[in-house]
Structure formats: structure tokens, C-alpha cells
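Asker: Here it is, the structure in full.
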Amino acid sequence: MSSTSTHKPRPMVDLLVSIVIPAFILMKLSGDDQLGASGGLMLALSFPLGWGIFELIKYRKFNFIALLGLANVMLTGGIGLLELDLKWLAIKEAAIPAAIGIAVLISTFTSKPLIKALVFNPAVMDVDKIMKRLQENNCVAAFEKRLMKATYLVAGSFAFSATMNYILAKWIVTSPTGTPEFNEQLGQLSLYSYPMIAVPSMVMMMGTFYYLWRTIRDLTGLKLEEVLANQG
């Protein structure tokens, strides 16, 4: 079996490599008597950057979210190493979720809204069975309307994330770039952003997916185990 088909999510490893280890390095190893501001920043960024490249190469599958993660790391490194104005850090923190939210909205004008790629696709659900039941119940139009609402809810969750990212970056990171204090605050930003932004955003996304599942159940009468794609 190819490596692309055996890839399984590893949230704890992702959290450790992308957030915990870099934050520790930024906060504890960036002093002038240790790695220094630039050395600490480069080492900290090497973990999520290396992990992201490893994932992309090993599983040989284009991953839009992983690509955004790599871009995020490279932009952070560029801002710190080039000692740019702090405003660019706040803008960068908001830009990634804002870009995803805009992409979600733009997708509503295409034949394949992003919500279909994320959830309502043959890899996740038995699309043919669902569509057949919707047609039998004359509910296709109602389903498409609710699917559009779910898309707006997803876009709203990313708008919330972008706003909170900007506010948190402006609040926490106040020291000039290129200094040990900047690195320490950058580490704090990474740690705080997870419980204050990522968790609420995840809850909002789960609520959206639950709404979509309720929609399918109400309009088709199918149970959860009947609409999930066959994993065997």
C-alpha cells in the first residue's frame, strides 16, 4: 500500500512539533548567552518547517493547509530575521485565516463550494446514496440552500480566527524584532493562540459540520452509519 493511503492524522505530534517545541526554544533558548535572537528563531522555525516538508514529501500529496502552514513559518522567519516593523507580524497572523475564509466565500460562486471538498465528498460520505435519497424526497434545492449556509458558517469561523489572531499579536508581541524579547513574546503568542483561538475555531467548525449532518439526516432520513463512505 502506498504511503499516501496510510497517512493518518497525528494531532499530538503536530502540536508538539509545530507549537510546543518552537515555543520552548523561543522562550528559553533565545538569550544572548545561548542561541541568540536569530539562532533561536531559526531553530524554532526549523521544526514546523521541517515537519511540514517531511509530510509533503513523504505522502506526495498536495495539501493546501500544509502549504499555508509552510508559508506562515517562512513569513514569520522573514519578519524576525529581517527585523521588519511589528505591524507586519500582526498582519501576517491575520492573513492566513483571512485568505482561507475568502477562498471559502469565493468557492460559493463555483460549481464546487469548498464545503463539498471538505465534507460532502466520496471519501467522507456516500454522496451517491445521499443524492439519490434527496432526489426521491424532492429536497435537493433545500439541501443546496443549507449547504450554502454551512459554507458561510465556515467562512465566519475563519473571520473570527483572523480577527483574534490580529488582536492577540498586537497585544502580546510589543518588543522590536530581532531581539530575545521578541522571540520570547513570539513563543508566548504561539502558546496562547492555541487555547484562545484554535480551540474556539475548532468548536465552531465542529458545530458547522454537526449542522450539515443534521441537515442530511432531516432531509434524507438516513442514519450516520448509512451515509459514511465505505472504509473497508
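The values are calculated or read from the model by the stated rules, or taken from the named source; none is laboratory data. On a predicted model such as this, the values are computed, not experimentally measured, just so you know. Here the Cβ is made from the backbone with ideal geometry for all residues, glycine too, and neighbour counts use every protein chain on show.
Asker: Is it true that Met74 is within 20 Å of Ser190 (Cβ to Cβ) and at pLDDT 70 or above?
Answerer: So Met74 fits the description; yes.
Asker: Moving on. Just one of (1) at pLDDT below 85; (2) of a type in the set (A, V, I, L, M); (3) closer than 18 Å to Leu41 by Cα trips up Ile172, so point out which.
Answerer: Result: Ile172 passes all but (1).
Asker: Tell me the residue from Tyr210, Tyr194, Tyr152 that is assigned to a helix (DSSP H, G or I) and within 17 Å of Ile96 (Cα to Cα), please.
Answerer: Exactly one residue qualifies, and that residue is Tyr194.
Asker: Here's a follow-up. Take the residues in region 163-172 that are surrounded by fewer than 21 Cβ atoms within 10 Å (Cβ to Cβ) and touching a residue at least 60 places away in the same chain (Cβ under 8 Å), then tell me which one is farthest from the chain's Cα centre (by Cα).
Answerer: Among those residues, the one meeting the criterion is Lys170.
Asker: Go over the candidates Ile130, Ile167 one by one and state the one that is at pLDDT below 85 and either among the charged types (D, E, K, R) or part of a helix (DSSP H, G or I) (or both).
Answerer: On inspection, the qualifying residue turns out to be Ile130.
Asker: For region 199-226, give me the residue count where each residue is out of contact with any Lys or Arg (no Cβ under 8 Å at 6 or more places or on another chain), loosely packed, with under 15 Cβ neighbours inside 10 Å and small (Gly, Ala, Ser).
Answerer: Qualifying residue count, region 199-226: 1.
Asker: Additional query: Scanning for something free of Cβ contacts under 8 Å to residues at least 24 places away in the same chain and crowded, with 18+ Cβ neighbours inside 10 Å, does region 174-186 turn up at least one residue?
Answerer: Yes, region 174-186 contains a residue that is free of Cβ contacts under 8 Å to residues at least 24 places away in the same chain and crowded, with 18+ Cβ neighbours inside 10 Å.
Asker: Check Lys145, Lys132, Lys116, Lys112 and return the single one that is under 19 Å from the mean Cα position of the chain (by Cα) and without any contact (Cβ under 8 Å) to a residue 60 or more places away in the chain.
Answerer: Sole residue among the options that is under 19 Å from the mean Cα position of the chain (by Cα) and without any contact (Cβ under 8 Å) to a residue 60 or more places away in the chain: Lys116.
Asker: Can you give me the number of residues within region 120-174 that are of a type in the set (S, T, N, Q) and within 14 Å of Ile197 (Cα to Cα)?
Answerer: Step one: filter region 120-174 for residues of a type in the set (S, T, N, Q), giving 121, 135, 137-138, 151, 157, 161, 163, 165, 174.
In the following step, the residues that additionally are within 14 Å of Ile197 (Cα to Cα) were identified as 157, 161, 163, 165.
Residues meeting the conditions: 4.
Asker: Those residues that are surrounded by fewer than 14 Cβ atoms within 10 Å (Cβ to Cβ) and either part of a helix (DSSP H, G or I) or modelled with pLDDT of 85 or more (or both), I need them from region 104-116; list them, please.
Answerer: Within region 104-116, Ile106 is the sole residue that qualifies.
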